[in-house]
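Working notes for the structure below.
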Amino acid sequence: SEMTKTVEISGEGGPLGIHVVPFFSSLSGRMLGLFIRGIEENSRSRRDGLFHENECIVKINHVDLTDKTFAQAQDIFRQAMKFQSVILEVLPPYNREQYEKSAIAPLCFLENEEGVPKTKIPPPVHPKPALKTINLSGASSLEAGVQATLQQAKSPNLPRLSRKSSSPSLSPLLGFGNKKNAKKIKIDLKKGPEGLGFTVVTRDSSVHGPGPIFVKNILPKGAAVKDGRLQSGDRILEVNGRDITGRTQEELVAMLRSTKQGETVCLIVARQEEAFLPREL
């Protein structure tokens, strides 16, 4: 609670005008709440200063959103808005890293019957290679995002688990976007003065070749946010008719950056619908 602030709103004041997406922990891959991606101009939230971009809603009327699905979190929000008073716990961007770390700590301890904490040995998590993030807003600097790995606790009595029974992928994006259950979407983005306006993320793998490439974030300015169709979590399949399977992230970025201002980039992306249901409230 020290990391969050409380925002009290009335459920009767009309639409809030906020755009939310799932807030996944970058450390554990757990769903921790709703990430406020955008706030509409002239909306109630903007007018009353209720929320700011990049804040995260983690509790609604004292209901913790941790490990809820995006659809469940939306439903909790929708039901809460039927009441006159709605109390939200909101996480500011500068406390996000600390909050994500605190969401991992409780996984390592269980209370036994006497109330004395005892250590729970987590199953081994096979270290994932580093994530690389490149900003496509037109800046030339590379932002390196390092994927945290959980170290396996050493215990002589713990049988070693096979790869199949290990924990799920640390990041929901890394196992996401397989071609089953995914629909293909064609999106044309016209590159303006603020660039294409999204970042991409991938997994380096020397064994299997380059991994799939996903949209990580939609930036507040640029072609992607103006168009409104591209979403974080989309897997990029083609750029201007060229299949990017097996291509490195650098090759993809070079293709996108070679687009001149005023030209249009044609993207084909795969989106897994059950993971990302309706994205706006």
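The values are calculated or read from the model by the stated rules, or taken from the named source; none is laboratory data. This one's a predicted model, so the numbers in the text were calculated from it and none came from an experiment. Here Cβ is always computed from backbone atoms with ideal geometry, including for glycine, and neighbour counts include all displayed protein chains. For accessibility, only protein heavy atoms count, side chains too; no ligands or nucleic acids. Shrake-Rupley method; radii C 1.70, N 1.55, O 1.52, S 1.80 Å.
Quick notes on this one:
- Computed from point charges on the beta carbon alone (+1 for Lys and Arg, -1 for Asp and Glu), the dipole magnitude for the stretch 5-105 about its Cα centre is near 80 Debye.
- Nearest-10 value in Å² for the accessible area of residue 8, using the 1.4 Å probe: 120
- Other-chain or far-sequence residues with amide H under 5 Å of residue 50's (modelled H): none
- Shown are 19, 62, whose ranking by accessible area with a 1.4 Å probe and every protein chain present, most to least, is 62, 19.
- Extension gain, residue 229 back to residue 242 (0.36 nm per residue minus Cα-Cα distance, nm): 2.6 nm
- A simple charge model with +1 on the Cβ of Lys and Arg, -1 on the Cβ of Asp and Glu and nothing else charged puts the dipole of the stretch 182-272 at about 260 debye relative to its Cα centre.
- Long-range amide H partners of residue 61 with built H, under 5 Å: 87, 88, 89
- In range of the label at residue 101: residues from the stretch 1-28 whose backbone nitrogen is under 20 Å from the point 7 Å along Cα→Cβ: 1-5, 24-28
- Length gained when the stretch residue 53-residue 8 is fully extended (0.36 nm per residue, less Cα-Cα span): 14.5 nm
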